[in-house]
Amino acid sequence: MSHSQITKYALARSLKKLMLSHPLPKITIRQLTADCGVTRITFYNHFHDIYELLGWVYQTEIIKGLEEYRNCAGWKEGFLKVLNYIQINKTICLNTFHSLGREHLEKFLYGVIYDVMIEIINELGQPLDLQPQAKEEIADFYTLALLEQVIQWMRAGAHTDPMELVCKVGRLMDGSILRCMENYQQSVHH
């Protein structure tokens, strides 16, 4: 691991530690660098601000392991991994959610879910001749629906079993994405 990576991981550990006891907007670069034992300049050599560092934390701790789940067969398992991460890191994720970082968390989760949805749509839509815009609209619709389910779960404290949410979403989505794509295809041909 490079010296730069070691520094990033050290900053990430300090941020997560501070987030256990401080609301995100109250954490300063000074506190973070003091906890980590690096200078402010070192922090700014790696990240623009605390939110960029937080995004890096989520990127490295969640996204890296999701590539294999971006398909019809694996999306539920990938979704469960994200929910389990949120539950295991509940204090940090809810801190992000309830702070000014909520926009960052929602944007991040939107990106994660959208990447999975567009792959599912591409996989299911192979026999259909859908325009890229139609695929994007369908992916956006399902991404927003799924994101809102996650937000409601987090708003309630992320207490319930993540598998319950995965099963609920699976029941609602099973078959509906393909029907939606078929509806798009029929509306183009009429």
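The values are calculated or read from the model by the stated rules, or taken from the named source; none is laboratory data. What you see is a predicted model, and the numbers here were worked out from it, not measured in a lab. In this analysis, Cβ positions are derived from the backbone assuming ideal geometry, glycine residues included, and neighbour counts consider all displayed protein chains. For the accessible areas, the whole protein counts, side chains as well, though only heavy atoms, and no ligand, DNA or RNA atoms are used. Shrake-Rupley method; radii C 1.70, N 1.55, O 1.52, S 1.80 Å.
Overview of values
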| quantity | calculated |
| --- | --- |
| Shape box of the stretch 5-50 [Cα atoms, principal axes, largest first, Å] | 25, 16, 15 |
| FRET efficiency estimate (nearest 0.05) - Cβ-Cβ, Tyr110 to Gln186, R0 30 angstrom | 0.60 |
| Contour excess over end-to-end distance, with Cα ends at Ala156 and Ile29 and 0.36 nm allotted per residue | 42.7 nm |
| Extended-chain gain in nm, criterion 0.36 nm per residue less alpha-carbon gap, Ser21 and Gln5 | 3.2 nm |
| Mean projection area, nm², convex hull over Cα of the chain | 12.1 nm² |
| Lysines with Cα under 24 Å of Lys26, excluding same-chain neighbours fewer than 8 positions away | Lys8, Lys16, Lys17, Lys90, Lys107 |
| Computed E for Ile63/Glu103 - FRET, C-beta separation, R0 30 angstrom, nearest 0.05 | 0.95 |
| Phi-based couplings in Hz for the stretch 36-49 (Karplus 6.51, -1.76, 1.60; Gly and Pro marked x) | 7, x, 10, 8, 4, 4, 4, 4, 5, 6, 10, 9, 6, 7 |
| Hydrodynamic radius by Kirkwood, which averages 1/r over all alpha carbon pairs of the stretch 47-93, in angstrom | 11.6 Å |
| Percent RCO, i.e. relative contact order, over the stretch 1-154, from Cα pairs under 8 Å lying at least 6 residues apart | 23 percent |
| Rounded percent of accessible protein surface that carbon and sulfur make up, the stretch 33-115, 1.4 Å probe | 53 percent |
